[in-house]
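After the structure tokens below, expect a handful of questions from me.
Readers should treat all values here as calculations from the given coordinates under stated rules, not as data from a laboratory. The structure displayed is predicted, hence computed values, not measured ones. Methodologically, a virtual Cβ is constructed for each residue, glycine included, from the backbone with ideal geometry; neighbour enumeration extends over all protein chains shown.
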Amino acid sequence: MNNQVEGFEDKNKTKRKKEKINEVFNQKPTSAFIGASWSVLLIGISAYCIGLWNADMKLNEKGYYFTVLLFALFSVISVQKSVRDKLEGVKVTEIYYGMSWFTTITSIVLLVIGLWNAELLLSEKGFYGMSFTLSLFAAISVQKNTRDIEYIKINSQNE
């Protein structure tokens, strides 16, 4: 009889622990936040690309800055995904986790080096730096919202 009570208590503890975890993750982002995140991502990328299109620089320089933006966007999404996977208990190899951080830092350093050595006005350098930063932050927010919604959808189906 005592074993049955202990088993029941263990199940209740597990259930309460799962409910507590779900409380932490069941913070569904609002439609306004989702819309704002997507809007800011599109504004940041568009501003950066329009600035490149109108810039008075060689095509290979424009290609460099555009490639750095794409590299950075992919990198920050990988960082957000691997951090979230670890948080949710999904196996993430340390090499992928480390490479995600390395490529994120590398892309930022490449932009800084490029802008430092560019023959641009200080205001233009600031414009590229800010639109780049805006795009990266927005990409992280969009990825987080996507994961939050997917997590909630999966867990609501399992209940």
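Mind grabbing the base-10 log of I(q)/I(0) for segment 31-158 at q = 0.14, 0.15, 0.16, 0.22 Å⁻¹? Debye formula, identical points on the C-alpha positions, no solvent, two decimal places.
-0.68, -0.75, -0.83, -1.24
When a footprinting reagent is the concern and you count Cβ atoms within 10 Å, what order do Ser31, Ser107, Ser39 take, fewest first?
The fewest-first ordering by Cβ neighbours comes to Ser31, Ser39, Ser107.
Which order, highest average first, do 137-148, 121-132 follow once you tally other Cβ atoms within 10 Å for each residue and take the mean per peptide? Each step should come with its number before you reach the end.
Working: 137-148: 18.7, 121-132: 15.0.
Order by mean packing, descending: 137-148, 121-132.
Hey, another quick one. So what is the relative contact order of segment 31-158, in percent, for Cα pairs below 8 Å that sit 6 or more residues apart?
44
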